[in-house]
Amino acid sequence: MNANTRNENAALPRPERISLVPVDSPEREAEAKRVAELSWPSTYAGIIPDAQVPYMIARMYSPEAIRADTAAGSPFYIVEADGETAGVCSFDATKRRADGSAELHKIYLLPEWRGRGVGVRVLEEAKRRMKEAGAASVWLRVNKRNERAKRAYAAAGFRQAEALCTDIGGGFVMDDWVYRADLSGKGGNAGDGLQGGTILLCGVGGQGILLAAKIAGAAAEAAGFDVVANEIHGMAQRGGSVRAFVKFGGKARSPLAVEGTVDVLAALEPVEALRWAHFLRPGGLAVANMHPVVPVTVSSGKAKYPADIDERLRRVFPRLVAYDCQRKAEEMGNAKLANTILVGMLSLGLPFSADTWRRAIAGSVKPAFEEINLAAFDFGRSLD
């Protein structure tokens, strides 16, 4: 999947309704193939030979192949988002392996629907149906070179298992890793604060993302959770886009997260909130510092900063706490306090007590700045 496409789609509204429509007619068979033809080139660019894409589509999406898979217990579905075709998927509805596992064969989305929370909802619906039909676990194949997909499935609770290389003819192979996930329900659900959670902090270089992530991780540890956090990703120098994940409890396996699973998205810059909106789960909390950081492309006249940023945020995030943290921090005498104010705001979406957060702050800042940072946190927490 193309990262630029995801970022461009981040400001678009998420669909309210996702449907899986059985591919049970010639018209829907043709639609499933059309989706593959539009989604595969960008999905596999630089991963498999260009000639392998039409070869595999012809083998896997012919009417005969679709009907044979369906008859064997692995039907195809058109993914519809609010009534529009968004993708295609296939999984074992009734078919089972000897170990009781079911296979998730495919989920592909049209480029315009990526980054809008559709993929993770389809994945969860497929897992739910397989579990209800008696599957004990689910497995899938991921190309060894598809780093984005490997990270996404790892963040969704799948574990890399054995290698599997299959000769598919035509001089091509499917050189994959098998990924597996348990369907027993022992793990925590997204957003279940008693089991675990995921925080995404984003902004631009120089805003203090590192300190905010440090405080959030310390609070989770103080509350008794296992914590994993990734290093800051992006342009760490001033002005570059940066992000960091903090995961705790039942989710604390991989430090990265898949789209649609983050419980709290905290943005120190409003456009950055839109950039990473596709990571927030349905019903999750978004908090944003409404003070814009104008990029060079805008200051040089090559681009325009969105004048309707407040409206866009409220359209994208049903649960939103937004405030000009920078202005308040300056009123408090130190512009660097904006990140601690934001920490107070993001604390509203997590199950830790105010005292737990205050202890985390005290252990993360120099003693000389403890009192003012606690005041900034208290102000942010009061904005609910």
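I'm told residue 368 meets every condition in (1) touching a residue at least 40 places away in the same chain (Cβ under 8 Å); (2) surrounded by fewer than 24 Cβ atoms within 10 Å (Cβ to Cβ); (3) of a type in the set (Gly, Ala, Ser) except one. Can you identify the failing condition by its number? Failing condition for residue 368: (1). Remark: residue 135 falls outside the filter, which requires a residue to be within 18 Å of the chain's Cα centre (by Cα) and not β-branched (Val, Ile, Thr).
Working only within the range 83-122, note down all residues that are over 21 Å from the mean Cα position of the chain (by Cα), at pLDDT 90 or above and not in a strand (DSSP E or B). Matches in the range 83-122: 83, 92. With respect to residue 24, is the statement that it is in contact with a strand residue (DSSP E or B) (Cβ under 8 Å, 6 or more places away or on another chain), closer than 27 Å to residue 132 by Cα and not in a strand (DSSP E or B) true? When the stated conditions are applied, residue 24 does not pass them. The number of residues in the range 265-291 that are within 13 Å of the chain's Cα centre (by Cα) and part of a strand (DSSP E or B) comes to 5. In the range 293-311, the condition of being surrounded by 16 or more Cβ atoms within 10 Å (Cβ to Cβ) and part of a helix (DSSP H, G or I) is met by at least one residue.
Residues checked against (1) among the basic types (Lys, Arg); (2) surrounded by fewer than 18 Cβ atoms within 10 Å (Cβ to Cβ); (3) touching a Ser or Thr at 6+ places or on another chain (Cβ under 8 Å):
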residue: 72; (1), (2), (3): no, yes, no
residue: 80; (1), (2), (3): no, yes, yes
residue: 86; (1), (2), (3): no, no, no
residue: 107; (1), (2), (3): no, no, no
residue: 117; (1), (2), (3): no, no, no
residue: 123; (1), (2), (3): no, no, no
residue: 128; (1), (2), (3): yes, yes, no
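When restricted to residues that are assigned to a helix (DSSP H, G or I) and either under 29 Å from the mean Cα position of the chain (by Cα) or among the small types (Gly, Ala, Ser) (or both), the range 359-375 contains 5.
The values are calculated or read from the model by the stated rules, or taken from the named source; none is laboratory data. Computed from a predicted structure; not experimentally measured. In this analysis, Cβ positions are derived from the backbone assuming ideal geometry, glycine residues included, and neighbour counts consider all displayed protein chains.
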